[in-house]
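Reading through the structure tokens given below for one structure.
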């Protein structure tokens, strides 16, 4: 005979879970008590439940395994909402288990009661409220299967306190999920695959747009093999960076609002667009009326609801993209490089990513990322927060392989980077992990610094401090007549109501003092304010045996280019000072 709490922990062990991120509270104490006696599962106490979900998310992105988070009811549960929505939009497999009040008082506004089943239903792949201990084993088996199968995603399990304490005789963990209505497709339709192979043969200007589904399916090698056989250029979304090495001759880069010129031009000028494991996000497509307007659209995805949702699709293929690529490779004939390959390569040469760092000027954020590349090894995992630094990282980081660049794509969640890096580091203790963040984003979950210190999580934190909310400030500069409303992180009541974004009488102080904050939380902090100090600070930070924070006071009025104005065609590109 086992209690619900014991069944839960036994299920985690049988599902191969070795680490749980979480925060205890009254109704989940029975579960934490069992965990106290379960040395096989490491429990990492974060300082906030949102960070616990992001850490489970980062663990899942880096390892490919299902991340697990355990929190209490009420505010503990509702604090997971942003993390769940973030994982849903990026198709990340996590299971979030929340405590709930006793079943007898559900619906009475009991102390710390929140309707998590109702709250999470729109932002999860599936949600469960377990009302009987007899149902718990099958619910847990189903939850892990749903999270990792088909198109991955988050599953929420709400566990009432009495169910956690209720006994169950003759417990046996199910061998198989029991979800008759849920049958994720695997093989693509053979006729449609032959149709796509024929379209490849006929096309003169084909392009592949690879999305996060390539990474989720473990199909990077198959994608590269298919691209090389057919000589089709490949653009990769933010979620797919690394699935094609960035020094590969067929790699076009990331397309979209801050994408490379060559990738954007290719998507607009192609006559065959093959979307693989991508959902054609608006930040990629821009104005839909003009996007790939002259192209035949083929879309390969395991989620049938995504096909035709954004673009009218002439060749739909529902199936696991790895399986489809393997079948497609057999069906397609080798395609020699042609004039189209020459044109797209010329676009890359004519419009390279560039910046000019003045040795005597202010530190450019792009320069810091370039120097991080020199410190990083081939197996370094890089996580980012959200904002200008995220786009500079996507453009300038050397992407060497899949699951090594972790970034919040669909939700664009500030505060994601640090806890995600923690999760990745705990998933791969022997691999270096770096988080590139901004002074705005880091403060969203800065309370996790002691989590890194106490758990000896050797994350290297690179803070690009421009004393403002950089991406929002950039939009205000370009599209709101320079009305810098509440984006300066130095702003005080005595500041002038009309601000140009940078004045001689701006306060010199930077708050918080990130170096002192790092030191107050038990890790060394280093700071560079001049170009000549950048390498020294990076060398010191990377040499630390444990977590370290490196702050770089970078140029405030520096914009991310290339840039496509919102809603415009993606070949309407602002190049600014960069190309």
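The values are calculated or read from the model by the stated rules, or taken from the named source; none is laboratory data. The model shown is predicted, which means the values in this text are computed figures rather than measured ones. Don't worry about glycine lacking a Cβ; one is built from the backbone with ideal geometry, like all the others, and counts go over all protein chains shown.
Please go through the stretch 507-538 and pick out each residue that is under 30 Å from residue 494 (Cβ atoms), touching a residue at least 60 places away in the same chain (Cβ under 8 Å) and in contact with a helix residue (DSSP H, G or I) (Cβ under 8 Å, 6 or more places away or on another chain).
Answer for the stretch 507-538, where residues must be under 30 Å from residue 494 (Cβ atoms), touching a residue at least 60 places away in the same chain (Cβ under 8 Å) and in contact with a helix residue (DSSP H, G or I) (Cβ under 8 Å, 6 or more places away or on another chain): 512, 514, 517, 518, 528.
When the residues of the stretch 294-310 are filtered to those that are touching a strand residue (DSSP E or B) at 6+ places or on another chain (Cβ under 9 Å) and free of Cβ contacts under 8 Å to residues at least 12 places away in the same chain, which remaining residue is nearest to residue 568 (Cα to Cα)?
Filtering the stretch 294-310 for residues that are touching a strand residue (DSSP E or B) at 6+ places or on another chain (Cβ under 9 Å) and free of Cβ contacts under 8 Å to residues at least 12 places away in the same chain, the one nearest to residue 568 (Cα to Cα) comes out as 308.
State all residues of the stretch 114-127 that are assigned to a loop (DSSP other than H, G, I, E, B) and surrounded by fewer than 19 Cβ atoms within 10 Å (Cβ to Cβ); if no residue qualifies, say none.
If we filter the stretch 114-127 for residues that are assigned to a loop (DSSP other than H, G, I, E, B), which is where we start, we get 114-115, 124-125.
Listed by number, the list holds a single entry, 115.
Out of the stretch 1-53, which residues are under 31 Å from the mean Cα position of the chain (by Cα) and in a strand (DSSP E or B)?
Within the stretch 1-53, 19, 20, 21, 22, 42, 43, 44, 45 meet the criteria.
Which condition does residue 199 not pass, out of (1) touching a helix residue (DSSP H, G or I) at 6+ places or on another chain (Cβ under 8 Å); (2) over 18 Å from residue 303 (Cβ atoms), if it passes all the others?
Tallying (1) touching a helix residue (DSSP H, G or I) at 6+ places or on another chain (Cβ under 8 Å); (2) over 18 Å from residue 303 (Cβ atoms), residue 199 fails exactly one: (1).
Which of the residues spanning the stretch 146-204 are in contact (Cβ under 8 Å) with a residue 40 or more places away in the chain, assigned to a loop (DSSP other than H, G, I, E, B) and under 30 Å from residue 331 (Cα atoms)?
Of everything in the stretch 146-204, those that are in contact (Cβ under 8 Å) with a residue 40 or more places away in the chain, assigned to a loop (DSSP other than H, G, I, E, B) and under 30 Å from residue 331 (Cα atoms) turn out to be 150, 151, 152, 184, 185, 186, 187, 188, 189, 203, 204.
I'd like the full set of residues that are in contact with a helix residue (DSSP H, G or I) (Cβ under 8 Å, 6 or more places away or on another chain) and either surrounded by fewer than 24 Cβ atoms within 10 Å (Cβ to Cβ) or not assigned by TED's automatic domain parsing to the domain that holds residue 15 (or both), limited to the stretch 76-100.
78, 79, 81, 82, 85, 88
Starting from residues that are within 14 Å of residue 556 (Cβ to Cβ) and touching a strand residue (DSSP E or B) at 6+ places or on another chain (Cβ under 8 Å), keep the ones in the stretch 491-505 and report whichever is modelled with the lowest pLDDT.
Step one: list which residues in the stretch 491-505 are within 14 Å of residue 556 (Cβ to Cβ), which gives 491, 499-504.
With touching a strand residue (DSSP E or B) at 6+ places or on another chain (Cβ under 8 Å) added as a condition, the list becomes 499, 501.
Values: 499: 70, 501: 62.
Out of the qualifying residues, it is 501.
Going by what's in this entry, would residue 263 be described as buried (at least 24 other Cβ atoms within 10 Å of the Cβ) and free of Cβ contacts under 8 Å to residues at least 40 places away in the same chain?
On the way: buried (at least 24 other Cβ atoms within 10 Å of the Cβ): yes; free of Cβ contacts under 8 Å to residues at least 40 places away in the same chain: yes.
Considered against the rule, which asks whether it is buried (at least 24 other Cβ atoms within 10 Å of the Cβ) and free of Cβ contacts under 8 Å to residues at least 40 places away in the same chain, residue 263 comes out as yes.
Okay, residues lined up against (1) outside the structural domain of residue 90 (by TED's automatic domain parsing); (2) touching a helix residue (DSSP H, G or I) at 6+ places or on another chain (Cβ under 6 Å); (3) within 21 Å of residue 299 (Cβ to Cβ); (4) surrounded by fewer than 18 Cβ atoms within 10 Å (Cβ to Cβ):
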| site | (1), (2), (3), (4) |
| --- | --- |
| 144 | no, no, no, no |
| 156 | no, yes, no, no |
| 176 | yes, no, no, yes |
| 179 | yes, yes, no, yes |
| 183 | yes, no, yes, yes |
| 207 | yes, yes, yes, no |
| 222 | yes, yes, yes, no |
| 228 | yes, no, no, yes |
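Restricting the search to the stretch 54-71, which residues are surrounded by 24 or more Cβ atoms within 10 Å (Cβ to Cβ) and assigned to a helix (DSSP H, G or I)?
54, 55, 56, 57, 58, 59, 60, 61, 62
Please go through (1) assigned to a loop (DSSP other than H, G, I, E, B); (2) within 20 Å of residue 393 (Cβ to Cβ); (3) modelled with pLDDT of 95 or more for residue 523 and return the number of the only condition it doesn't satisfy.
Just one mismatch for residue 523, condition (2).
Take the conditions part of a loop (DSSP other than H, G, I, E, B) and either out of contact with any helix residue (DSSP H, G or I) (no Cβ under 7 Å at 6 or more places or on another chain) or in contact (Cβ under 8 Å) with a residue 40 or more places away in the chain (or both) and apply them to residue 560. Does it pass? If you could, list the steps in order and put the result at the bottom.
Numbers: part of a loop (DSSP other than H, G, I, E, B): yes; either out of contact with any helix residue (DSSP H, G or I) (no Cβ under 7 Å at 6 or more places or on another chain) or in contact (Cβ under 8 Å) with a residue 40 or more places away in the chain (or both): yes.
Against the criterion (part of a loop (DSSP other than H, G, I, E, B) and either out of contact with any helix residue (DSSP H, G or I) (no Cβ under 7 Å at 6 or more places or on another chain) or in contact (Cβ under 8 Å) with a residue 40 or more places away in the chain (or both)), residue 560 qualifies.
So for the stretch 273-286 (the condition being farther than 23 Å from residue 90 by Cα and touching a residue at least 60 places away in the same chain (Cβ under 8 Å)), does at least one residue qualify?
As a first pass, look at the stretch 273-286 and keep what is farther than 23 Å from residue 90 by Cα: none.
Checking the stretch 273-286: not a single residue is farther than 23 Å from residue 90 by Cα and touching a residue at least 60 places away in the same chain (Cβ under 8 Å).
Go through (1) surrounded by fewer than 20 Cβ atoms within 10 Å (Cβ to Cβ); (2) farther than 19 Å from residue 179 by Cα; (3) under 21 Å from the mean Cα position of the chain (by Cα) one by one and return the number of the condition residue 103 breaks.
In the conditions (1) surrounded by fewer than 20 Cβ atoms within 10 Å (Cβ to Cβ); (2) farther than 19 Å from residue 179 by Cα; (3) under 21 Å from the mean Cα position of the chain (by Cα), residue 103 misses (3) alone.
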